[in-house]
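**Student:** Just passing along the structure, written as structure tokens.
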Amino acid sequence: MIAVPFVLGAIALVLLAIIDAGIVLAIAAVIVLVVIPGLALTSRLVPTTGLGAASWAAVALGLGLGAAMLIGIAADLTPLGIRFAPVILLAISIGWIVVLFRRSGGAWPRIARPRVSTRDASLLALGLLLTVSAYGVARGSAAGAAAGTGDPSSLTQLWILPMSDDTVQLGIHNGGDEAMTYRLVLESDDAELGEFPEIALEPGTSWQETVPAASLPAGSVEARLYDAADPATPIRAVSLSDPPSGG
Amino acid sequence: MMARDQARPLYQHPLGTSPVPLGWLPATSVLAGLGLLSVAFANTLGLADSPFADIAFWAGIFAIIGPGAWRLFDRAPDRRERIGILAVMAIALYIVKLLHSPTSFTLYDEMQHLRTAQDIALTGHLFAENPLLLVSPRYPGLEVATDVIGTATGTSTFQAGLVVVGAARLLLALAMFLFFELVTRNDRVAGIATFVYMANPNFLFFDAQFGYESIAVGFLAVVMYLIALSDGRWSSGAAAAVIPIAGVIVTHHISTYALIAFLVTWSFVWWLAPSRSLSGPGPLRLTVITIVGATAWLFAVAPLTISYLGGRFADMLALISLLLGDIESRELFRATGGMIAPEWERIFAWGSVFLILGLLPIGLWRLWRELRHDPTAITLGLVAMVYPVTLALRLTQQGAEEAARSSGFIFFGVALVVALAVTAPVPAALRLRAIARPALVTIVVVMFMGGAIVGVPRWVRIPGPYLAGADTRSVERQGIQTATWMLEHLGPERRVVADRVNRILTGLFGRQRPVSNFADQVRTYELFFGPDVGDKERSIIERGDVEYIVVDRRLAGVRPLAGPYFESGEDRRVAQAGGLTLEALTKFEDVPGVDVIFDSEDMSIYDVRDIATGVRP
């Protein structure tokens, strides 16, 4: 019976680590960098004889969060800025200052021993497990919603960029979730200058081609992009009104 | 000093070291977990545009708050059980916001602050310009704490920020309970007061977001607790309050000024109190420290706060214009886009307001009768009396936002006074004991739901399909991919003009430099309301040194739910009528010298550098 809360709690923690390990790490960091320094500051700055566990927790969180901010602002004044080394060095220095200038009479809180039955512990662990599951459901829904855009070409990007080396860059990016095949046509005043008849792109991949500006006529140049499955209807169009050093 | 320190024994919380029965805490934890699961499914249903999303959402919220509220009204629980229940409720309600956007910060204000956090993480230094919210880098407390955690662990800003704001949320609930307990000497009233505080419209979303107020209100609560705990006696812990006071000053301007206002009032009431000879020095010393610190920070680090907040204070004067009949009142519960809240939501929202208004006199009467010798209680009572004024401000277009922002502070007083009202002894002759508790729990639950409805409209509360001009609902892959493309192909810090949402996306994901009236005093929104590109448009581009214009064709004909198409200052009537046309948006395409360099399904980017300078760099 006693194993129930441990198993439920362990499942919850493993599930959270699988869903988002960074949050577990960040919680650990808050304990080390906020709560523990906060407890040290509380024990030195506040007469602790009359404080219960809740008061300790509240004051330690308040002082710890404030101290973390002040450490960051102090780190900003160092040449390295708010980076790992100065942050840790400053945190340790503050810790030492607190220890050296300790006040007498501080006492750790007399924390009442909780009377936790196996049933209570199981329920608390179950609450944690349900909470982590809710987070998992929310993440799954959000990912599903982001993926489900319907039209596979809806996240296709087309661009044309005049470059500083007297060239023009043409590019296509398939930002959707399905592989696409495109046809790209370069035109000037309705005259076709060139064609890339079959450009196959996997999801998340790009295609780029550089065209010397000298090969382009004076005046406007337009690039039209077609879905290879429907070569008559352009899905994207970009244009340069006057290509650099145009022919 | 010592003599004064010894004048009166300080109040001590009942400690108790006997074994603690957990009471209802485990059961409320399970119900809160089930409630969160229900909210997660509500969000899934919302994304599928299902009408059942609301039922699942509110059922989940009720599971989180209902059993806890019932238990808080009970006289039986140990104070430690009350604290545990409040902590579970506070964290569970924070997770409701996390479930809304579980993979990144997507609320409008969050993305503004994310840019500041991003700048600190990239450069390692503070105070880089943030064109999305100029004042944000000057109050970097939240972002610094987040960066310290992120730097030490290698976790993302989202993960670190989530945990930092969560810690602040826990701090708020604990410190508020302890503070109210010191004032009332009664853990039942303190527990109910803390729950009533959670009914403030900002609690569920606004003060749970990655924004400076979310962390600052936690600091406010602990400052007040430390002052009350020590009676202001320096050697008794008031000195420790300097750290969270510094935390407030470097984190949030409005919270700083709210703290100063509270401390000044508190000091004055303390000075007037007939029993002051028995008391400690009160908050005067810390009031002076706070004023000096805030003034130094304002002039040395954040002088632009004056212009930023100046306009907001001026907005509050709209109330006078309303009273004089110079302006018309705002229609409540109706978004710019014409969307109106459902009737049942309006009933709950009005119910919440009327319940508070009805309970305030009862609570104030009880406060005067039982606690008038306590300067802290009197000060909180005075704060509560500001509540009706903030309601009046909501009737004005200009003051509505300021009124909404103030609730996180005003409710420090409202919470105590309402708690005193709902725990007032009921005369035995009325024979109401049997129904008193269900009725009172219903009252506070209605108050909570009404507060949540007032705080965030339905289209923000529950995620759903893409909506144009609707802040968090407009954040989707196409806009983000366009912004990312700009960073990869145009480089950072290009001067761009975009609509309200794409300005944030290009500034955050594209690291561009949006040009706006807000940041540059150039009315770039006027580029989009005329039929063609004439001298006026060219002048705007020239003055703003604009390089690129990002156009989102989905805005055409839409009445934006978030208010303006572009930014405050534009003609509201156009947005209210859905008057932005596709022709006006895309008119740059045919202008000589303008290149259409980018096209995705709904978005285009125009290179207007030749218009701006006449010569391509």
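The values are calculated or read from the model by the stated rules, or taken from the named source; none is laboratory data. Predicted model, so just to flag it, every value in this text is computed and none were measured. In this analysis, Cβ positions are derived from the backbone assuming ideal geometry, glycine residues included, and neighbour counts consider all displayed protein chains. Just so you know, the surface numbers come from the protein's heavy atoms only, side chains and all, with ligands and any DNA or RNA stripped out. Shrake-Rupley method; radii C 1.70, N 1.55, O 1.52, S 1.80 Å.
**Student:** Answer rounded, prolate or oblate for the stretch B:14-161, using the Cα gyration tensor with square roots of eigenvalues a ≥ b ≥ c: rounded when a/c is under 1.5, else prolate when a/b is larger than b/c, else oblate.
**Tutor:** Since a/c reaches 1.5 but b/c is at least a/b, the shape of the stretch B:14-161 is classed as oblate.
**Student:** How far is it, in nm, from the label point at A:Ala228 to the one at A:Val4 when both lie 7 Å from their Cα along the line to the Cβ?
**Tutor:** 6.0 nm
**Student:** Evaluate E = 1/(1 + (r/R0)^6) for A:Thr181 and B:Val591, where r is the Cβ-Cβ distance and R0 equals 41 Å; express this FRET efficiency to the nearest 0.05.
**Tutor:** 0.75
**Student:** Still on this structure, I have one more. Could you give the spread of the C-alpha atoms of the protein assembly as shown along their three principal axes, from largest to smallest, in whole angstroms?
**Tutor:** Cα extents, longest axis first: 94, 65, 61 Å.
**Student:** Using only Cα atoms and rounding to the nearest 10 degrees, what angle (0 to 90) does helix B:141-153 make with the longest principal axis of chain B?
**Tutor:** 80 degrees
**Student:** Here is a further query. Checking an interface number: how much accessible area is buried between A and B, summed over both chains, with a 1.4 Å probe, in Å² rounded to 100?
**Tutor:** Values: alone 15230 and 25510 Å², together 33370 Å².
That pair hides around 7400 Å² of surface in total.
**Student:** Simple spin-label model, 7 Å along Cα-to-Cβ: A:Glu195 to B:Leu582 in nm?
**Tutor:** 2.8 nm
**Student:** Counting each DSSP H run of 4 or more residues in chain A as -39500 (n - 2.57), what helix-only mean residue ellipticity at 222 nm follows after dividing by all residues, to the nearest 500 deg cm²/dmol?
**Tutor:** Computed mean residue ellipticity for chain A: -15500 deg cm²/dmol.
**Student:** Something else: How big is the convex hull of the Cα atoms of the stretch B:464-617, per residue, in Å³?
**Tutor:** Given the Cα convex hull of the stretch B:464-617, per-residue volume reads 101 Å³.
**Student:** Can you work out ³J(HN,Hα) from phi for every residue in the stretch B:444-452, in order, using Karplus 6.51 cos²θ - 1.76 cosθ + 1.60 and θ = phi - 60°, giving whole Hz and x for Gly and Pro?
**Tutor:** 6, 5, 4, 4, 5, 5, x, x, 5
**Student:** I've got another one for you. Let me test this: with uniform point scatterers at the alpha carbons of the stretch B:34-95, what is the Debye-based log₁₀ I(q)/I(0) at q = 0.17, 0.21 1/Å?
**Tutor:** Taking Cα atoms of the stretch B:34-95 as identical point scatterers yields -0.59, -0.77.
**Student:** Might you work out the accessible area of B:Ile597 for me, using a 1.4 Å probe with all protein chains in place, and round it to the nearest 10 Å²?
**Tutor:** Ignoring ligands and nucleic acids, B:Ile597 comes out at about 0 Å².
**Student:** Which order do B:His125, B:His100 take by accessible area at a 1.4 Å probe, largest first?
**Tutor:** I get B:His125, B:His100, largest accessible area first.
**Student:** Given the Cα-Cα distance of B:Phe354 and B:Ile291 and 0.36 nm per residue of separation, how much length would full extension add, in nm?
**Tutor:** Gain on stretching B:Phe354 to B:Ile291: 19.1 nm.
**Student:** Considering only protein heavy atoms, what is the solvent-accessible area of A:Val59 at a probe of 1.4 Å, reported in Å² to the nearest 10?
**Tutor:** 0 Å²
**Student:** Please compute the Cα-Cα pair-distance distribution of the stretch B:398-490 with 5 Å bins starting at 0, giving whole percents from short to long.
**Tutor:** It works out to 2, 9, 12, 13, 12, 11, 10, 9, 7, 5, 4, 2, 2, 1, 1, 0, in whole percents.
**Student:** What is the spin-label model distance, in nm, from B:Glu343 to B:Ala434 if the labels are put 7 Å beyond Cα along the C-beta direction?
**Tutor:** Taking the two extended label points, one gets 3.3 nm.
**Student:** Now a separate question. From the P(r) of chain B, could you give the percentage of C-alpha pairs in the tail past 35 Å?
**Tutor:** For chain B, the fraction of Cα-Cα distances above 35 Å is 43 percent.
**Student:** B:Asp374's amide H: which non-local residues (gap 5+, or another chain) put their own amide H closer than 5 Å, with H modeled 1.01 Å from N in plane and none for Pro or chain starts?
**Tutor:** Result for B:Asp374 returns nothing.
**Student:** If amide H atoms are built 1.01 Å from N in the plane of the peptide, which residues on other chains or at least 5 residues away come under 5 Å of the amide H of A:Thr167?
**Tutor:** Answer set, sorted by chain and number: A:Ala213.
**Student:** Rounded if a/c is under 1.5, else prolate if a/b beats b/c, else oblate: with a ≥ b ≥ c from the C-alpha gyration tensor eigenvalues square-rooted, which is the stretch B:100-159?
**Tutor:** oblate
**Student:** Then there's this: For the stretch A:110-247, with only Lys/Arg (+1) and Asp/Glu (-1) charged at the beta-carbon, what is the dipole magnitude about the Cα centre, in debye rounded to 20? Don't jump to the answer; show the numbers that get you there.
**Tutor:** Numbers: 8 positive and 18 negative charges, 408 e Å.
Its charge dipole is roughly 1960 debye.
**Student:** I want the local charge near B:Met603. Using Cβ-Cβ distances under 12 Å, sum +1 for each Lys or Arg and -1 for each Asp or Glu among the other residues. Present the calculation step by step, with values, prior to reporting the outcome.
**Tutor:** Working: positive: A:Arg236, B:Arg477, B:Arg553, B:Arg554; negative: B:Glu476, B:Asp499, B:Asp552, B:Asp599, B:Glu601, B:Asp602.
Within the 12 Å Cβ shell, the charges total -2.
**Student:** Same structure, new question: Compute the angle between helix B:400-422 and the longest alpha-carbon principal axis of chain B, please, reported from 0 to 90 degrees and rounded to the nearest 10.
**Tutor:** 20 degrees
**Student:** Further, regarding this structure: Going by accessible area, probe 1.4 Å, with all protein chains left in place, what is the ranking of B:Tyr308, A:Tyr135, B:Tyr257, largest first?
**Tutor:** Per-residue accessible area, sorted high to low, gives B:Tyr257, B:Tyr308, A:Tyr135.
**Student:** Let me ask something else about it. Hey, what angle do you get for helix B:304-316 against the long axis of chain B, alpha-carbon based, 0 to 90 degrees rounded to 10?
**Tutor:** Value to nearest ten degrees: 70.
**Student:** Could you tell me the accessible area of A:Leu77 in Å² (1.4 Å probe, neighbours in place), rounded to the nearest ten?
**Tutor:** 150 Å²
**Student:** Now for a different question. Per residue, how large is the accessible surface of chain B? Use a 1.4 angstrom probe and give square angstrom.
**Tutor:** Values: 21830 Å² over 617 residues.
Result: 35 Å² per residue.
**Student:** Related question: Classify chain A as rounded, prolate or oblate from the Cα gyration tensor: take a ≥ b ≥ c as the square roots of its eigenvalues, call it rounded if a/c is under 1.5, otherwise prolate when a/b beats b/c and oblate if not.
**Tutor:** Numbers: a/c = 5.57, a/b = 2.13, b/c = 2.62.
Oblate, since a/c reaches 1.5 and b/c is not below a/b.
**Student:** Rounded to whole Hz and in sequence order, give me ³J(HN,Hα) for the stretch B:467-472 from the Karplus expression 6.51 cos²θ - 1.76 cosθ + 1.60, θ = phi - 60°, writing x for Gly and Pro.
**Tutor:** 10, 6, x, 10, 6, 4
**Student:** Hey, can you grab everything whose amide H is under 5 Å from the amide H of A:Arg236? Only 5+ residues off in sequence or another chain; H modelled, so Pro and N-termini drop out.
**Tutor:** A:Leu225
**Student:** Moving on. Between B:Leu284 and B:Arg573, what is the FRET efficiency for a Förster distance of 51 Å, r being their Cβ-Cβ separation, to the nearest 0.05? Can you show the working numbers first?
**Tutor:** Working: r = 51 Å, r/R0 = 1.00.
FRET efficiency, B:Leu284 to B:Arg573: 0.50.
**Student:** On a 1.4 Å probe surface of the protein chains, which of B:Met385, A:Met69 comes out largest in accessible area, and what is the full order?
**Tutor:** Ranked from most to least accessible, the order is B:Met385, A:Met69.
**Student:** Still on this structure, I have one more. Taking the Cα centre of each part, how many Å lie between the stretch B:541-583 and the stretch B:47-125?
**Tutor:** What the calculation gives is 33 Å, centre to centre.
**Student:** Can you give the calculated 222 nm mean residue ellipticity of chain B, where each DSSP H run of n ≥ 4 adds -39,500 (n - 2.57) and the sum is split over every residue, rounded to the nearest 500 deg cm²/dmol?
**Tutor:** Using -39500 (n - 2.57) per qualifying helix, the result is -19500 deg cm²/dmol.
**Student:** Turning to a different aspect of this structure: With all protein chains present, how much of the accessible area of the protein assembly as shown (probe radius 1.4 Å) comes from carbon and sulfur, to the nearest whole percent?
**Tutor:** Numbers: 21280 of 33370 Å².
Heavy-atom surface of the protein assembly as shown belonging to carbon and sulfur, 1.4 Å probe: 64 percent.
**Student:** Which whole-Hz ³J(HN,Hα) couplings does the stretch A:55-62 yield from phi under the Karplus relation 6.51 cos²θ - 1.76 cosθ + 1.60, θ = phi - 60°, glycine and proline marked x?
**Tutor:** 5, 4, 4, 5, 5, 5, 5, x
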